[in-house]
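Working notes for the structure below.
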Amino acid sequence: MSASLYVTSAIAAATLVAMASFTGAKAADDKVAIESTLSSYNAALNGGDTTAVLPLYTKDGIFMPPYSQSAIGQEAVRKAYDEVFKELKFNVKFNIAELVQMAPTWAYVRTNSAGTTAHHSIGKTTSEANQELFIFRKDDDGMWRIARYSFSPTNPPDK
């Protein structure tokens, strides 16, 4: 192997190693950022705070609760959460079952949650358990936000 070919090969190999290291670090940073947004969402949900929920959604975000039509866009999402919080007070914890970054600006997170929900209209607290699917998009400002969110109960309704 000639000296120049050896140097070229060594530079190429070093470049690939550096790129792989950067990609791995970048993916780890994105994972932490997505987990942070999910943690903020969990706190906003438990706090019953629509104003804390909204910045966690993309401008074209969609909230898809069971037994309801989808809330599409910031105004519809705001109205949906206002209605939810008018009736319910949550004390739940999300646990990540799967977090997959599909592209530089898209990821999904599958979670399970459990806890309690107080129903204001009937003055009753019930156990709560759901499975959730979040689709996150990294916005132009670098923040990972909820682009789509859907969930379904995993515990049977009270009889």
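The values are calculated or read from the model by the stated rules, or taken from the named source; none is laboratory data. Remember, it's a predicted structure, so these values are computed and weren't measured experimentally. Note that each Cβ is placed from the backbone with ideal geometry, even for glycine, and that neighbours are counted across all protein chains shown. In case anyone asks, the SASA skips ligands and DNA or RNA and just uses the protein heavy atoms, side chains included. Shrake-Rupley method; radii C 1.70, N 1.55, O 1.52, S 1.80 Å.
Please pick out the residue among Ser113, Ser121 that is hydroxyl-bearing (Ser, Thr, Tyr), modelled with pLDDT of 95 or more, within 20 Å of Leu45 (Cβ to Cβ) and open to solvent by 60 Å² or more (accessible area, probe 1.4 Å). Just one listed residue meets the conditions, Ser121.
Take the residues of region 55-69 that are closer than 21 Å to Asn130 by Cβ and not in a strand (DSSP E or B): which is most open to solvent (accessible area, probe 1.4 Å)?
Among residues in region 55-69 that are closer than 21 Å to Asn130 by Cβ and not in a strand (DSSP E or B), the one most open to solvent (accessible area, probe 1.4 Å) is Tyr67.
Counting residues in region 135-151 that are farther than 20 Å from Tyr57 by Cα and touching a Ser or Thr at 6+ places or on another chain (Cβ under 6 Å) gives zero. Determine which member of the set Thr154, Thr126 is modelled with pLDDT under 95, closer than 30 Å to Ala27 by Cβ and not charged (D, E, K, R). So the residue among Thr154, Thr126 that is modelled with pLDDT under 95, closer than 30 Å to Ala27 by Cβ and not charged (D, E, K, R) is Thr154. Of the residues making up region 51-98, those that are closer than 26 Å to Gly142 by Cα, among the β-branched types (Val, Ile, Thr) and out of contact with any Leu (no Cβ under 8 Å at 6 or more places or on another chain) are Thr51, Thr58, Ile62, Ile72. No other residue among Thr116, Thr105 is in contact with a Ser or Thr (Cβ under 6 Å, 6 or more places away or on another chain) and among the hydroxyl-bearing types (Ser, Thr, Tyr) apart from Thr116.
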